[in-house]
Amino acid sequence: VNLDKSLQEVGNVQLVAVRNLSLADMMHDGLRAVAFRAIIAAQTNNEQEKTASLEEFREFSENFRTYLDNVDALPLREETRQAIANVRPGLDAYLSSTGKLIDLARSGEAAQALATVPQFQIAFKELEGAMAELGDLIEQNARASVANANKAGASARHAIKKWILIRL
């Protein structure tokens with residue numbers, strides 16, 4: 001096991017994957033907050049909040065896709081790539097559901113927006129499940145990379161000790 005390669009795997013792949021998936025998960029939860037913000041804005045007829053909700057929806061949606069794409073661009077195991085592919089349909093459904101709810105809220109149809117909440121919650125939960133599966137795989141990959149780095153470090157320490165003993 002190569003120590004340099006193991007450390008690069010941890011630093012350049014696993015940490016990046018964990019960070020981007022964590023940010024994607026923040027967008028997942030953040031979009032739910034944006035949807036409910038839009039409903040409250042519709043109920044209070046607050047045009048500024050309606051506009052802000054749409055802007056946040058666009059920003060969070062773009063960020064969510066970017067973070068997932070960042071993970072997908074990494075040199076990951078095929079099983080992890082498949083999990084990313086499994087997240088995408090749920091992400092599309094969730095963003096569509098969120099967009100529909102926000103559009104209804106922005107057009108002043110608070111009751112209709114509220115009526116879409118159960119379907120919205122289903123899309124949220126389905127995506128949450130797919131994201132959890134992906135997160136578990138990324139965590140397993142990260143743990144394996146750290147174990148390899150530890151093993152390589154132990155081998156390097158052993159080699160150094162041998163070299164020192166030979167020199168004595």
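For the listed peptides 67-75, 17-25, a ranking on the average number of other beta carbons within 10 Å per residue, highest first, reads 17-25, 67-75.
In a fully extended conformation the segment linking residue 144 and residue 65 would gain 25.8 nm over its present Cα-Cα distance, using 0.36 nm per residue.
Extension gain for residue 47-residue 107 works out to 20.6 nm (0.36 nm per residue, less the C-alpha to C-alpha distance). On alpha-carbon atoms, Rg over Rh for the stretch 45-124 using Kirkwood Rh? Answer for the stretch 45-124: 1.10.
The fraction of accessible area contributed by carbon and sulfur in the stretch 1-129 is 52 percent, rounded to a whole number (1.4 Å probe; ligands and nucleic acids excluded). Sorted into 5 angstrom bins from 0, the C-alpha pair distances of the stretch 1-135 split as 2, 11, 19, 19, 15, 11, 9, 6, 4, 2, 1, 1, 0 percent. For residue 133, the solvent-accessible surface with a 1.4 Å probe is about 120 Å², rounded to the nearest 10.
Computed with a 1.4 Å probe over protein heavy atoms only, the accessible surface of the stretch 2-126 comes to 53 Å² per residue.
Magnitude of the Cβ-charge dipole of the stretch 43-107, K/R +1 and D/E -1, about the Cα centre, nearest 20 debye? Let's see the in-between values first.
Details: 8 positive and 12 negative charges, 35 e Å.
Here the size comes out at about 160 debye.
Taking all protein chains together, 66, 116, 80, 44 sort by accessible area into 44, 66, 116, 80, largest first [probe 1.4 Å]. Excluding same-chain neighbours fewer than eight residues apart, the aspartates and glutamates reachable from residue 162 by a Cα-Cα span under 20 Å are 4.
The values are calculated or read from the model by the stated rules, or taken from the named source; none is laboratory data. Not measured: the values here are computed from a predicted model. Every residue, glycine among them, receives a Cβ derived from its backbone with ideal geometry; neighbour counts consider all protein chains shown. Side chains are part of the model used for accessible areas, which takes the heavy atoms of the whole protein and leaves out ligands, DNA and RNA. Shrake-Rupley method; radii C 1.70, N 1.55, O 1.52, S 1.80 Å.
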